[in-house]
Structure formats: C-alpha cells, structure tokens
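Here, each number is a calculation from the coordinates, and none is a lab measurement. For clarity, every value in this text was computed on a predicted model and none was experimentally measured.
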Amino acid sequence: MKTANKAKEELIKVIEEVEALSQHAAEMEKLRADQKRVELVAQETREYAESIVETVRESLVVLDADLRVISANRSFYQTFKVTTEETERQLIYKLGNHQWDIPKLRELLEDILPKNATFDDFEVECHFPNIGRRIMLLNACRLYREADNTQMILLAIEDITERRRAKEELRRYREHLEELVKERTAEIRTANEQLQREITERKQAEGKIRQAVEEWRATFDSITDLVSIHDKNFRLVRVNKALAKSLKMEPAELIGKTCYQLVHGTNEPVPNCPHVKTLATKKPVTVEFFEPRWGVHLEVSTSPMFDTKGEVVACVHIAKDITERKRMEEQLIITDRLASIGELAAGIAHELNNPLTSVIGFSQLLLDGKVAGNVKKDLKIISSEAQRAAEVVKNLLTFAGKRSSVKQPMNINNIIDKVLELRAYEQRVSNIRVITRFAPDLPEVVADYFQLQQVFLNIILNAEHFMIETHKRGTLTITTESTGSIIKASFADDGPGVPKENLGHLFDPFFTTKEVGKGTGLGLSICHGIITEHGGMIQAESELGKGATFVVELPISGY
C-alpha cells in the first residue's frame, strides 16, 4: 500500500514535471515565434534603412574604429566611380590617390569615437582620379551597434562643386550685375544731371523768354504813339495802352473790333486807307490825315507781317499825333510873316523918324519964340506927343533891327523899363496894372541887351495873356534885387497859375498850354537857353488859382 502510494506520488510528480516541461516548451515556442517576429521587424527595419541610405543623394561611408571602410552607399560609388573592392576594408586616407589623406580630416575623424564628437561642413577641394577636381563637403558622427557593442563612424560626403560653381557664377553674375547697375546708375546720374542742366537751361530760357515778352510788352505799352496790329480783315489783334487810352477803353475791349469803326466811325475802310495799300502792295505805307472825330492830325504808318509763304497776314500800325507839328509848321509860317512885317515896320519906322524929327525940331523952335499962352500949351502937347512917337519908333527899330550878340555891363532895371514902355499901351487898354519894385543902385550884369530884352518881353507877354484870358485884367509885380553874387528879377502875375504836373515841362521845346494858334511852345524854351548861356537860372513857381512867378537869376558883373 505504501508502495502504491509512493508510486502514485511519483507519477503525480512526473505528470507535474511533464506539464511543467510542456508549459516551458510552449513558452519557448512563443519566444521563438517572438524572436522570429523581432528578427523579421529588424530585417525589415534594416532593409528600410538600407533602402533609405541607398536612395540618399549624398555619399555615405561607414568607417570602423581604424578608419577602414565598412560599407558605402550607391551614391558614393556612382559619385566617385569606384568599386566595392577598391573601397571596402580600405583605409579612408588610402582611397584613390590618397586625396582623403588630410591631417586635419584625420584628426577630426580620430576624435569622433573617443570623444563622441561630430563635425560639420568640413570642406575638401582636390583632384579625384575618376571625376577630376571637385569640392566636397564632409559631415561625420558616431554610430553604435549594441548587438555586438561595435562603434562606427558615419561619414557623409556631399559634392558641392556645381553648387559652388553656381554660387561662384552667381557671385560673378551679381558682381556683373552690380557693375552694370553702377554703370547704369552712373549713366542715369549723368543723364539726370544732363536732364537737370537741360531743365535749368530751359527754365532759364523760359525765364529769358518771359522776360523778353514782358520787356516787349512793357516796351509796346510804353510807346506814346498809338501802336496796334491788324489782321487782313481790319480787326485789331493787339493794341498798346496809348491807343486804348486815346479811345477811353481797355486794351481787351478793342480786340476783334475793326479799325475803321473805332477810329473813323464808318462801316468800311476810308479812302486812302494805309492798311488797304499795304495789303495790296506788301510794302510799308505812310499817310497823313485830319481825323475830325478826334480833332487831331494823324500820321499813320503801316508795315506788313508775312507768313512762311510770304503772304501778308497782318499789319503793324503806328499812328502819331502830329497836331503840334502841324501847329508848329503854321507858326513858322506866321513867324516868317512876322519877320517880313518886322522888316517892313523897320522901314516904316525909318520913314517916320525923319518927319517926327522935323516936327520935334520946329515945335521946339516955336516954343523958344514968343507965342500966345494957349498956342504955347498946344505946342508943348505937339512936342511931347512927337517925342513919345519918336521914342516908340526908336524902340521899334531897336527890337526889329538885325544885330549880332554883344555882351557888356548893363543894368537890368533899364532893360525891363524899355520893355514896359513897348507894352504900355497894350497893358493900359487891357486893364493890366504894373507894379515895379526895382532895387536902387542895382549892380550891373554882363549880358546881351537884346537877348535879355527878348527874355523879359516873353515873360511879360505870357503873364498878360493868361491874366486877360482868366479875368480880363490883372496885376503884374516886377521886383529886382541883389543877393550875394546874384541879381534876381521876379515877375509875379495874378493869373490862373500853372498845374503842378505842367511845372516841370514849362521850359520844354514845343510845350504850351495856350489855345491852338496862340503859342508855339518855343518862347520859354528860348528864354531858358538864353539865361543858361548867360550863366544864370530861370525857374517858375506857381500854385493853381494863385498866379505864377517867374524868377530870373544872373551873376553880377565881376563875379
């Protein structure tokens, strides 16, 4: 029984051991299955990694601790055109023509495993046997395989020759571009400077043109003659201010109007029109005519303006008011007649002088004899009047006679007295009162008697004219005095006076404020010339409505 139990126990023990072995066998089978799966995954991973390595464009080389090539990828063999026999198990620095035998590269590679170091972008440029001169960029790092505790070096080699060439080409191209840009910039700068100069010159030219236009316009408008430009249809294209002022209009208001309407008040050109003649002959024309609407004599000159074909397209008109010239011509005729009358008067005076001398002589003889009182009184009147007539004849001969200029010392009081004697009758019948305030013992002046007589007579005649014209009478005050080295004679009237704007022109030739036919404008101008020639001065002082004063200054004889 004990034996059976023991056997039973042993059997149970055996069964348990068999079960344990079966279980262990199952576990081992599972482990083997897991190992196969791991190996399969590892194989797939290795194949995947190898496929990646093989497809990488960079050349990859795996080195052992001695720097021998363990393996290289396809890109390495394709790039360097070598075989596995020429590469694997070879020292890296003995490959090819030892182009990798670079001390710095060896130093870097030898430091990787001991120091677990890496290096990046180590550049190698050298001649390779099968591919020529290349530039390679190297990167390296440590690889560790735990399965067999192996340390390796992964060396990545990138051929950057083309990139470098492209970079160099790009650099050269960039430099070329920069040079072109510099050149172009310089050209642009030069062109810009030239443009600026041209702009400046153009602005200066435009400024000069504007200035010339303004000068032309100012000149055109400052001309006192009546200037205008007329087209072929007699219409005004441009007028100056003088013409506009004479028509009492603004220049712009005249543009486009016809000249015959404005000047003559007609609907067509007048006979003898200079514009018509110039259009027909293509030559300048000058005509004179009296314009009754304006009451003036005009001299109109027309000059043609041509186009590029030589056709007259317009005319320049210059109209001058020649009324004063006409008056002067008439006055010259009158002057010539007066000269003839003067000669006639001189002849008559000579003829009258002889019988007057007889009358004076015989009347004096009778007065010296015994005659009745009433007869003697009549004889005295006859003698006095005859002597007065003789004095008038004498003055007339003196004033009208031909003579040469002779300067000698004389007293101007006497000259003024003689002139007043000539004008005594006219002044008396015209209600002109003369007040003389002559300085006694007045120093003499060296002068031409007849020239000073002409000056004083002209001043007195002017005073008489304006006093009579203003109020049919008047008072003329004549004063003489000496001041230092100067003799001064003043002629003050109570006439209308002289406007301020006319004072500065009184001594200008042909300037007159008298009515037409009553003055030539030469009298005071001649007076001014005579007094200046004597080393003196003549001036006018006046206040409108309060008369005028003419002052003559002459140097005293001996100064």
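List of remarks:
- Partners for residue 370 among aspartates and glutamates (Cα-Cα distance below 16 Å; same-chain residues under 8 apart left out): 378
- Cα gyration tensor shape for the range 223-321, rounded if a/c is under 1.5, else prolate or oblate: prolate
- Phi-based couplings in Hz for the range 161-178 (Karplus 6.51, -1.76, 1.60; Gly and Pro marked x): 4, 5, 5, 5, 4, 5, 5, 5, 4, 5, 4, 4, 5, 5, 4, 5, 5, 4
- In plain terms, the chain from residue 429 to residue 408 could stretch by 4.1 nm, reckoned as 0.36 nm per residue minus the Cα-Cα distance.
- Take every pair of alpha-carbon atoms less than 8 Å apart whose residues are at least six positions apart; their mean separation over the length of the range 200-320 yields a relative contact order of 22 percent.
- Taking each of 248/500; 277/320; 500/546; 241/283; 232/283 in turn, the alpha-carbon distance tops 20 angstrom for 248/500; 241/283.
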